[in-house]
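The values are calculated or read from the model by the stated rules, or taken from the named source; none is laboratory data. Since we're looking at a predicted model, the values are computed, not measured. With ideal geometry, Cβ positions are generated from the backbone for all residues, glycine too; neighbour counts draw on all protein chains shown. These accessible areas exclude ligands, DNA and RNA; they are computed on the full protein's heavy atoms, side chains included. Shrake-Rupley method; radii C 1.70, N 1.55, O 1.52, S 1.80 Å.
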Amino acid sequence: MGALIKQKVIITGAGSGIGKTLVHQCLNEGAAVIACDINEQSLIELKEENEYRDALFTYPLDVSKYQMVSDFFEYVNAEHTDITRLVNNAGIYLGKNILEYQTDEIDKVLDINIKGYVYFSQLFGKELLDRQSKGVIVNISSVSGMEGSSDAVYGLSKAAILGLTKSCAMNFAPYIRVNAVAPTMVDTAMMGTIPDWRKKEYLSHQLVDHPVMPEDIADTIVFLLSDKAKHYTGATFDINNGGYLR
């Protein structure tokens, strides 16, 4: 029996990378999934390739636009009142030195990587607390939010998510558990934008000698979404091959 039977999960950034892998794993574990992504074509392809497509609902939106997120939750309130889980995953990484950033680029990173998480957390929290229903939020942060990043604006955004996680765990108790995962480099398209010197630095610290894959991150997220993690809230789960010991 799957770990997420009778659960319904919202996943942002579901069209690629970790999000796409997580959609498949949640469906395999018995959940229904509402997959959100700014790229509508990626959602169409996700639906077409999934054997559990009857349990997969797709919704294109830009997480940084509050009105779009509000409209999405109106849809959820009308069509998916049994929603129980949220994974805030949508994000961007420009791989730039802070000295090279333009103001519009700073706004874009912070709007997607921070405000998107805030908007979804706020409206998901309101949905469940109004019903006094139990639920779970998992936020995707990064090792760069804990150890620093060659892209300072990205590092800032991922550090902010750790604070949001702890604060929402307090604000939403006892109904909603809120945890974060902080992966090291994961073998997705984003890795191609990380400077080579930073990749070597990350790898030089790692105690486990095989790469972290999207499936590995999804396994941890599924655990946190499940009742097996019922005593965890306000916590951050490092997934970095022992590269940074605290």
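Here are a few things to note about the model shown:
- Being surrounded by fewer than 22 Cβ atoms within 10 Å (Cβ to Cβ) and either modelled with pLDDT under 95 or not acidic (Asp, Glu) (or both) is true of Val153.
- Top-ranked residue in region 69-92 [being part of a loop (DSSP other than H, G, I, E, B) and out of contact with any strand residue (DSSP E or B) (no Cβ under 9 Å at 6 or more places or on another chain); ranked as least open to solvent (accessible area, probe 1.4 Å)]: Ile92
- Residue check, Gly95 of a type in the set (Gly, Ala, Ser), more than 17 Å from the chain's Cα centre (by Cα) and surrounded by fewer than 23 Cβ atoms within 10 Å (Cβ to Cβ): yes
Matching residues to (1) without any contact (Cβ under 8 Å) to a residue 60 or more places away in the chain; (2) open to solvent by 60 Å² or more (accessible area, probe 1.4 Å):
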{"site": "Ile5", "(1), (2)": "yes, yes"}
{"site": "Ser16", "(1), (2)": "no, yes"}
{"site": "Lys20", "(1), (2)": "no, yes"}
{"site": "Cys26", "(1), (2)": "no, no"}
{"site": "Val33", "(1), (2)": "yes, no"}
{"site": "Leu43", "(1), (2)": "yes, no"}
{"site": "Glu51", "(1), (2)": "yes, yes"}
{"site": "Gln67", "(1), (2)": "yes, yes"}
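- Lys47 meets each of the listed conditions (1) modelled with pLDDT under 95; (2) among the basic types (Lys, Arg); (3) surrounded by 19 or more Cβ atoms within 10 Å (Cβ to Cβ) apart from (3).
- Scanning region 1-58 for residues that are of a type in the set (A, V, I, L, M) and assigned to a loop (DSSP other than H, G, I, E, B) yields a total of 7.
- Residue within region 135-151 that is touching a Pro at 6+ places or on another chain (Cβ under 7 Å), under 24 Å from Phe223 (Cα atoms), part of a loop (DSSP other than H, G, I, E, B) and of a type outside the set (Phe, Trp, Tyr) present: yes
- Residues satisfying the stated conditions in region 1-55, i.e. more than 22 Å from Asp227 (Cα to Cα), touching a strand residue (DSSP E or B) at 6+ places or on another chain (Cβ under 8 Å) and among the hydroxyl-bearing types (Ser, Thr, Tyr): Ser16
- In the set (1) within 23 Å of Gly15 (Cβ to Cβ); (2) at pLDDT 95 or above; (3) in contact with a helix residue (DSSP H, G or I) (Cβ under 8 Å, 6 or more places away or on another chain); (4) buried (at least 17 other Cβ atoms within 10 Å of the Cβ), the condition left unmet by Ala160 is number (1).
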